[in-house]
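Worksheet for the structure shown next.
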Amino acid sequence: MDLSFSPEYEVFRKEVADVLSANAHLAPTSDDRGMKNPKRQAWQKLLIENGLAARTIPTEYGGYGAEPDILKSRIIAEEFAHTGLPRAMSNQGISMLVPTLLELGTPEQKAAYIRPTLYGEMVWCQGYSEPGAGSDLAALRTAAVADGDDYIINGSKIWTSTAKQADMIFCLVRTDPSAKKHEGISYILFSMETPGIEVRPLVDMTGAANFNEVFFTDVRVPKSGIVFAENKGWQVANATLTHERGMLGDPNATKARLVELVELMKRETVNGERLIDNPLLRDRLLKLQGEVYAMQANGLRITTHSLKKESAGLAGLVVKLMGCELNHEIARLAIDALGELGVMYEQGPHLRAEGTWQARYMYDLGLIIGGGTAQIQKNIIAERGLGLPREPKPAKA
Amino acid sequence: MEFALSEDQRMLQDSLNGFLKDAAPLDTIRKIATGDDAADAALTSGLDELGLAGLHVPEAHGGLGLGLLDACLVQEALGYAIAPSRFLATTVTAHAMRHAGADVLPGIVSGDLRIGLALTELSSRRDGAGVTVDRDKLTGTSLLAVSAEGSTHLLAADTTGALNLVETPAATPMQTIDRTRIFSEVAFGGEARAMSLKPDNEVLAAARLLVAADTLGAAQAMLDKAVAYAAERQQFGRVIGSFQAVKHMCAEMAARLEPSRALIWHAAHALDTGDPEGLAMATLAKSHLAEAGTFIARTSTEVHGGMGFTDLVGLHYWFKRIGVNRQLFGSPEQTRLDAARLQGWLETA
């Protein structure tokens with residue numbers, strides 16, 4: 001057990017801190033909106049050139065080309081958190097498509113897509129879930145029928161973030177309807193400009209359209225967009241889903257929210273009494289602090305396993321379930337602590353923290369459901385973590 | 001950076017778990033719980049031979065010089081086996097004497113001094129209990145003293161929070177739900193203290209952390225038993241662990257317990273290295289494990305169905321150990337209040 005960093009890493013930390021402080025004036029702010037905002041793109045370029053983004057992506061594809069080093073990644077994350085400067089771009093193209101292409105893409109696909117994606121010049125959306133294929137993703141039915149060098153695609157996708165802004169989509173389609181459900185799926189890339197694609201915003205409970213529905217009617221796309229091989233899309237998708245689950249439930253983000261909540265409860269008064277002096281609210285706060293401590297320590301344990309290239313086992317399997325639940329509970333306490341004014345939303349003189357606690361409370365419920373529902377997570381924990389048997393398939397009628 | 005147990009720590013766990021598997025199966029625990037003194041003596045001497053008494057005593061005083069993290073691993077193993085042991089009391093005493101124990105610590109290592117803890121008044125004083133000191137002589141009573149039975153001395157907190165080492169006076173067993181351990185009411189009648197230590201937040205924090213580690217072990221045992229039972233018991237032509245209702249109960253237990261393990265390690269390491277967050281972390285580890293342990297105690301019992309309710313399976317010994325640990329040295333609510341105080345969150349702090 002040693003939570004210190006060796007001198008080599010302390011030197012690295014200093015270098016990161018120096019780069020960030022020297023360039024802090026160039027950082028985009030919340031006023032610089034939009035996925036292709038020039039100021040955001042310039043910041044991303046600066047971060048890549050200094051090894052603070054796309055760090056381990058080979059230079060030939062536009063990355064920084066460093067050896068993977070989990071401790072250095074951790075130090076970079078800590079320094080961003082410390083300075084409060086905006087982190088490297090994170091979107092589905094960068095976090096999910098790029099690792100997939102590096103592993104399984106053709107040389108042409110890598111050359112065409114990785115660099116512009118990393119630099120924020122090419123935006124992607126993910127076409128996985130369908131109205132009839134949520135938790136049971138492999139039941140997807142969007143059909144791709146071969147026609148010469150092309151496929152003709154018909155069907156629809158749902159929960160598609162950034163579909164409105166996207167230049168391209170990475171999409172799961174059924175290329176062999178006669179095969180078993182996992183064996184007839186292909187993973188294909190195509191342009192969102194292709195005729196026959198309609199995007200409809202899906203307004204969610206927060207009031208925002210964080211997701212979309214996407215409809216395909218006789219959409220003709222080239223076969224060269226297939227990643228890896230026809231009918232091997234399930235393996236390709238599984239590689240990507242691993243990347244997505246790792247993104248949800250980050251304990252450092254949870255810790256930051258708890259700190260915000262503590263500050264709120266020290267600052268805000270009701271009937272002249274600080275919220276933190278209310279014994280019932282304070283007890284709930286401390287209960288959550290204990291849980292945050294546990295998830296942080298669990299995160300340190302996972303990092304150590306990754307360093308040794310070992311599986312983190314149960315410690316890793318529980319992160320999505322417990323982390324998302326904890327975020328939701330923190331937001332719930334913030335709302336309860338604010339009491340009647342906790343219901344204010346979006347605007348008005350009595351709004352606190354721009355209404356962020358209500359927005360998070362609702363959005364976090366979305367995250368408890370999305371990326372593998374809490375119930376699917378429990379199946380995974382019980383089956384892969386505890387070795388309990390799978391649910392037997394229903395007998396054929 | 002490495003957040004993991006060392007090779008030595010894993011060996012310590014393996015050897016102790018191996019010993020307890022043979023020396024403290026449920027049959028033996030049952031005998032001890034129903035008053036079989038010979039069974040108790042055999043287990044005690046077996047554990048003594050492992051040299052646990054000196055684990056947290058500095059090498060300069062004849063001990064092993066290991067930290068609270070190692071001590072938590074030992075306590076976790078004892079909790080897993082629900083074994084009675086003086087280890088918690090000895091370790092807390094060694095910690096209390098970490099700056100001043102040259103006269104006493106060698107006696108603890110050799111076994112000449114067998115120490116119990118009369119500390120519960122540090123977290124809650126009631127029923128007229130409380131110890132006062134006048135001209136080095138102790139009077140008053142202390143409730144739920146730990147390992148006072150068979151001890152030569154007690155580490156007793158007085159009403160000022162100071163800690164006193166004193167010969168064990170008359171001790172009356174207090175019957176709790178947990179028969180795997182004996183708790184006592186001790187009445188001081190003017191015994192002279194052999195040593196006095198200033199109030200020290202770390203002593204209660206260390207005691208609470210070790211109780212949390214005991215719960216971690218006991219809860220892990222209950223989870224393991226639930227999973228094994230769910231994988232074997234058949235109803236409706238299937239093992240019940242294939243039903244999601246049962247499977248999800250097991251997953252929820254694991255999801256709450258696994259991060260708790262990391263929390264115990266982190267809190268112990270923080271106290272061992274003098275991290276200022278260590279006190280709050282160890283204190284919250286106690287309340288956190290109390291909640292997780294209680295959830296697992298009831299859920300594991302439910303997974304076992306009617307058999308979980310019987311004496312036959314004996315699951316209730318773990319259930320009750322966890323139940324006592326939850327209250328010992330402060331209920332979860334009391335413990336969290338103390339954690340708020342330690343962080344300066346109280347207006348009056």
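Here are the numbers for the structure shown:
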read-out: Hey, A:Val262 surrounded by 22 or more Cβ atoms within 10 Å (Cβ to Cβ) and at the interface with chain B (Cβ under 9 Å from one of its Cβ atoms) or not; value: no
read-out: Only listed residue being modelled with pLDDT of 95 or more, buried (at least 16 other Cβ atoms within 10 Å of the Cβ) and outside any loop (DSSP other than H, G, I, E, B), chosen from B:Leu20, B:Leu66, B:Leu5; value: B:Leu20
read-out: All helices (runs of 4 or more DSSP H) inside the range B:259-349 with 1 or more residues being within 11 Å of chain A (Cβ to nearest Cβ) and at pLDDT 95 or above; value: B:278-303, B:332-342
read-out: Residues (more than 19 Å from B:Phe329 (Cβ to Cβ) and outside any strand (DSSP E or B)) located in the range B:143-173; value: B:Gly150, B:Thr152, B:Thr168, B:Pro169, B:Ala170
read-out: Residue that is farthest from B:Tyr229 (Cα to Cα) [pool: residues in the range A:351-394 that are crowded, with 17+ Cβ neighbours inside 10 Å and polar (S, T, N, Q)]; value: A:Gln358
read-out: Residue list for the range B:220-245, restricted to those being in contact with a Phe, Trp or Tyr (Cβ under 8 Å, 6 or more places away or on another chain) and away from every other protein chain (no Cβ under 13 Å); value: B:Ala221, B:Met222
read-out: Identity of the residue in the range B:23-47, assigned to a loop (DSSP other than H, G, I, E, B) and in contact (Cβ under 8 Å) with a residue 24 or more places away in the chain, that ends up farthest from the other protein chains (Cβ to nearest Cβ); value: B:Thr34
read-out: Some residue of the range A:43-54 being surrounded by fewer than 19 Cβ atoms within 10 Å (Cβ to Cβ) and within 27 Å of A:Gly371 (Cα to Cα); value: no
read-out: The listed residue being over 30 Å from B:Leu66 (Cα atoms) and surrounded by fewer than 23 Cβ atoms within 10 Å (Cβ to Cβ), out of B:Asp311, B:Asp272; value: B:Asp311
read-out: Members of the range B:184-200 that are within 21 Å of B:Thr335 (Cβ to Cβ) and either among the β-branched types (Val, Ile, Thr) or out of contact with any Ser or Thr (no Cβ under 9 Å at 6 or more places or on another chain) (or both); value: B:Asp200
read-out: Considering residues of the range A:286-320 that are more than 22 Å from A:Arg384 (Cα to Cα) and more than 8 Å from chain B (Cβ to nearest Cβ) only, the residue surrounded by the fewest Cβ atoms within 10 Å (Cβ to Cβ); value: A:Leu288
read-out: Evaluation of A:Ala337 against (1) in contact with a helix residue (DSSP H, G or I) (Cβ under 6 Å, 6 or more places away or on another chain); (2) free of Cβ contacts under 8 Å to residues at least 40 places away in the same chain (one fails), failing number; value: (2)
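The values are calculated or read from the model by the stated rules, or taken from the named source; none is laboratory data. All values reported here derive from a predicted model rather than from experimental measurement. When we count neighbours, we look across all protein chains shown, and the Cβ atoms used for this are built from the backbone with ideal geometry, even at glycine.
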